[in-house]
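Scroll down for the structure; my scribbles are underneath it.
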């Protein structure tokens, strides 16, 4: 397949693999087979609470819902996407963040995500970043569909949340594997509570020693195929292996939380890496 997006590191070999898979998986039979055999795992909600002394007095905690790696395409069943978005709706979070990789193989699959995103109505809005598969497929088409659905796509961009959470500065980083490096610093000196949304743990390298309270990402799939206990067998990159899933203290009061994501890529079956969405409450020290 020819590279349609602006992503870097799309090799000739990768193009051949994707061209072959698009034809071999025609009709979405891998996702249907996993579902029909009862091997499709349910979407789990993983909850975290982050307390920071920088939280403004008298303001209640903000509830953040995060979903990543939806991978609409032949290896992710539409009913799994329905379940993930129904879960996001039920969480009733203040803001919804989306962590990239909305499609697998082709941007033609983005309407399946956009139509579901459009049904969400979090009071503080929705913000999205792009992943490596998006930048390879056609990031302009994908970003446009998400924007029309009501999700603001952030590419190395900083925004602040609406009142009463104006103290929260949110930065969305471009994909660290295939995108553009952000200009440092990504936050302002007077930002009070700093939250980073990025696709992969490798985005942490871009941040260097930049202070932040919370960084959220996906990409790893928790290994996708993992040993019992969630130990990943194969994860691309040393940081993705080190931070394969869950919450991590990365020093200087900074936390990194990694989602296993929802969908699938080359292999439809997940093993010991159940799909998940995150609910993160950020507030003051109790």
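Every number in this text was worked out from the coordinates using simple rules, so none of it is lab data. Model, not experiment: these values are computed from the prediction. When we count neighbours, we look across all protein chains shown, and the Cβ atoms used for this are built from the backbone with ideal geometry, even at glycine.
Here the gap between residue 13 and residue 35, fully extended at 0.36 nm per residue and compared with their Cα-Cα distance, gives a gain of 4.9 nm.
Using only the Cα atoms of the range 137-230, build the gyration tensor, take square roots of its eigenvalues as a ≥ b ≥ c, and label the shape rounded, prolate or oblate: rounded if a/c is under 1.5, else prolate if a/b is larger than b/c, else oblate. Don't skip to the answer; put the middle values down first.
On the way: a/c = 1.63, a/b = 1.23, b/c = 1.32.
Oblate, because a/c is 1.5 or more while a/b does not exceed b/c.
For q = 0.13 Å⁻¹, what log10 I(q)/I(0) does the range 12-283 give under the Debye formula with an equal point scatterer on each alpha carbon and no solvent? For the range 12-283, the Cα-only Debye profile gives -0.79. Between residue 24 and residue 252, the simple spin-label model (points 7 angstrom out along Cα→Cβ) gives 4.5 nm.
For the chain, a Gaussian network of Cα nodes joined below 10 Å ranks 157, 202, 79 by mean-square fluctuation, and the top entry is 79.
Contact order, relative form, for the range 94-233: 20 percent (alpha carbon pairs under 8 Å, 6 or more residues apart, mean separation divided by residue count).
Please find the FRET efficiency linking residue 44 to residue 155, where r is the Cβ-Cβ separation and R0 is fixed at 35 Å, and quote it to the nearest 0.05. Before the final figure, lay out the partial values.
Details: r = 30 Å, r/R0 = 0.84.
Efficiency, rounded to the nearest 0.05: 0.75.
Answer rounded, prolate or oblate for the range 134-174, using the Cα gyration tensor with square roots of eigenvalues a ≥ b ≥ c: rounded when a/c is under 1.5, else prolate when a/b is larger than b/c, else oblate. Here the range 134-174 falls in the oblate category.
I'd like the antiparallel share, as a percent to the nearest 5, of DSSP beta bridges with both residues in the chain. Could the numbers behind the result be given before it?
Details: 16 of 48 bridges.
Once the DSSP bridges in the chain are tallied, antiparallel ones form about 35 percent.
Normalised by the number of residues in the chain, the mean separation of alpha-carbon contacts (under 8 Å, six or more apart) gives a relative contact order of 26 percent.
Relative to the longest principal axis of the chain, what angle (0 to 90°, nearest 10) does the C-alpha long axis of helix 12-24 take? Here the helix axis deviates by roughly 70 degrees.
Given the peptides 138-151, 211-224, 176-189, arrange them by the average over their residues of other C-beta atoms within 10 Å, most packed first. Spell out each step's value before the answer.
Details: 138-151: 19.2, 211-224: 24.7, 176-189: 16.5.
Ranked from most to least packed, the peptides come out as 211-224, 138-151, 176-189.
Using the Cβ-Cβ distance between residue 234 and residue 86 with R0 set to 25 Å, the FRET efficiency works out to roughly 0.25.
Taking each residue as 0.36 nm, the span from residue 189 to residue 208 lengthens on full extension beyond its C-alpha to C-alpha distance by 5.3 nm. Does the range 1-83 classify as rounded, prolate or oblate by the C-alpha gyration tensor (a ≥ b ≥ c root eigenvalues; a/c under 1.5 gives rounded; else a/b over b/c gives prolate, otherwise oblate)? Oblate is the answer for the range 1-83, as a/c is 1.5 or above yet b/c matches or exceeds a/b.
Report the gain in length on full extension from residue 4 to residue 271: 0.36 nm times residue separation, minus Cα-Cα distance, nm rounded to one decimal.
Numbers: separation 267, 0.36 × 267 = 96.12 nm, distance 3.16 nm.
Result for the pair: 93.0 nm of gain on full extension.
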